Amino acid sequence: MRILYLIRDFNFGGAENHVSELANSMAGMGNEVFILSMHGKQEERLTKAVHFSVLRMFGILLPLQIFYLCWFIRRNRIEVLHAHKRSGILLGSIAGKIMRIPVVATIHGRPRHDLRSILARKYTNRFIFVSKRTMDANSANRYFSGKSVLIHNGISLIERNSNKVFEQITYLSRIDKRHFQLISILVKEIIPSLANDFTDLTFHIVGEGPYYKLLAKEVSKVNLKAGHELCVLHGYVPEVVEIVSRSGLLLGVGRCAMEGISCSTPVLPVNNKYLGDFVNPENYNVYEENNFVPVGQGPPDPASLESRLRDYLANQDSFHTCAGELSGIIKKRLSIAVIAGMISEVYSLVRSIK
C-alpha cells in the first residue's frame, strides 16, 4: 500500500511523535510510506524507508498547495491519505476528493478546531478518534455518523530501567504559555518546598517552546538559591527513552503518560487544565479511553499537586510495584505495532469502499 501522511509541523508534540512512529511502523510492515510536512526535528526519528518531502501549509496559499498535493499524489501513485491536525486535514480532504483517493483523519484534539471547515468534515472518509469521550460527544454529528472509529495513539515501547532514580520527577511537554504557567508553579513553589523534606529530589523538564528562555531564567534562580541543580532543564531531546525510563515519577498526559507506563514509571496525569489521580489498575481503563487525560477533573492547584507529590515521595515502593503491573497491560494494547495494525485495517476498509 502507498500511504501519504500529511501534517503541518513536524517538531516535538503528541501528534507529530505519533506520525513519525506510525510512518516507521507502516514502512516496516512493507508499505511505501510518504510524509509531507514542514521541516522539523521529527525527521531525525524517521527510518530510511520513509520518504519525507517538504510542504508549507499556510491558508493564503491553499490553492497552490492543493495543486502541488494533487501532483504529488499522482506522481507517487498514493492509494490512501492520512491527515493530522487542522491544516493537514483541510488540505488532504480537498486533494483526496479531487484525486478520488480515500482520506483518513486522526482527531488529536477538538473536532471543532481540527475540522473547522465543512469541506474537511464532508470529504473525509474515516475519522479516527484517540479519545472515547471526544468521539461520544460528537456521535450525533451527521458528518461523523458511521465514519468514526476509536484507535488510541500508539507508542514505541520503552523497557524498564534497572537504574531508576526514585526521587527524580520528570515533566514532558511543550514549553508554551499554558504549560509554562504550571511548570513555573512547580519550579518556584512546589519543588523547593518538597526538597526541604526530600533532599535527594530533582525535577527534570523536557521540551522546548516560546517560553523556554523565560523558564530557564526561573530555573537558574531556583538552583542558585538551592545551592545545587534542583531543577534540570533539558530542552528538546530527540529520544526521551533514557530520561523517561530513569525517572521515578512522570508528570504529563497523552503519549507522555503512555511512555512512562510502558517502562514501569508511576504516572500522575496533569496539565494546565486538569489534575488527576495516579494511574493504577483500577482507573487504567478510564484513562486509556480518554488518551490518559484526566478529563472531568478539576484544574491543578498548588496545594493539591504538592499533596500528591508528597504521597508519592513518602510511598515510592508501593507506587513502583503498581506501575510494574501496568506496563504489561499497555504493551499488549497500545504498542505502535498493535495500533499500526488497527489503522492498516481502516486503510483497507476505506479503499474497498472508495
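The values are calculated or read from the model by the stated rules, or taken from the named source; none is laboratory data. Source: prediction; values computed, not measured. All Cβ positions, glycine included, derive from the backbone under ideal geometry; neighbour counts span all protein chains shown.
Of the residues His234, His228, His320, which is modelled with pLDDT of 90 or more and over 20 Å from Ile185 (Cα atoms)?
His320
In the range 29-58, what count of residues is obtained for those that are farther than 17 Å from His82 by Cα and touching a residue at least 60 places away in the same chain (Cβ under 8 Å)?
Residues that pass the stated criteria total 3.
Looking for something part of a loop (DSSP other than H, G, I, E, B), more than 30 Å from Ala140 (Cβ to Cβ) and modelled with pLDDT under 90 - is there at least one such residue anywhere in the range 77-91?
No, there is no match, as no residue in the range 77-91 is part of a loop (DSSP other than H, G, I, E, B), more than 30 Å from Ala140 (Cβ to Cβ) and modelled with pLDDT under 90.
Considering only helices (runs of 4 or more DSSP H) fully contained in the range 207-325, which possess at least 3 residues that are in contact with a strand residue (DSSP E or B) (Cβ under 7 Å, 6 or more places away or on another chain)?
Qualifying helices (runs of 4 or more DSSP H): 212-226, 241-246, 254-262, 302-314.
Name every residue in the range 94-125 that is under 21 Å from His18 (Cα atoms), buried (at least 24 other Cβ atoms within 10 Å of the Cβ), modelled with pLDDT of 90 or more and not aliphatic (A, V, I, L, M), in order of residue number.
Once the filter is applied, which keeps residues that are under 21 Å from His18 (Cα atoms), buried (at least 24 other Cβ atoms within 10 Å of the Cβ), modelled with pLDDT of 90 or more and not aliphatic (A, V, I, L, M), the range 94-125 yields Thr106, Thr124.
Need the failing condition index for Met258 against (1) farther than 22 Å from Ala216 by Cα; (2) surrounded by fewer than 24 Cβ atoms within 10 Å (Cβ to Cβ); (3) within 17 Å of the chain's Cα centre (by Cα), just the number.
For Met258, the failing item is (2).
Have a look at Tyr68, Tyr5 and point out the one that is part of a strand (DSSP E or B), under 19 Å from Ala95 (Cα atoms) and among the hydroxyl-bearing types (Ser, Thr, Tyr).
Matching residue, one of Tyr68, Tyr5: Tyr5.
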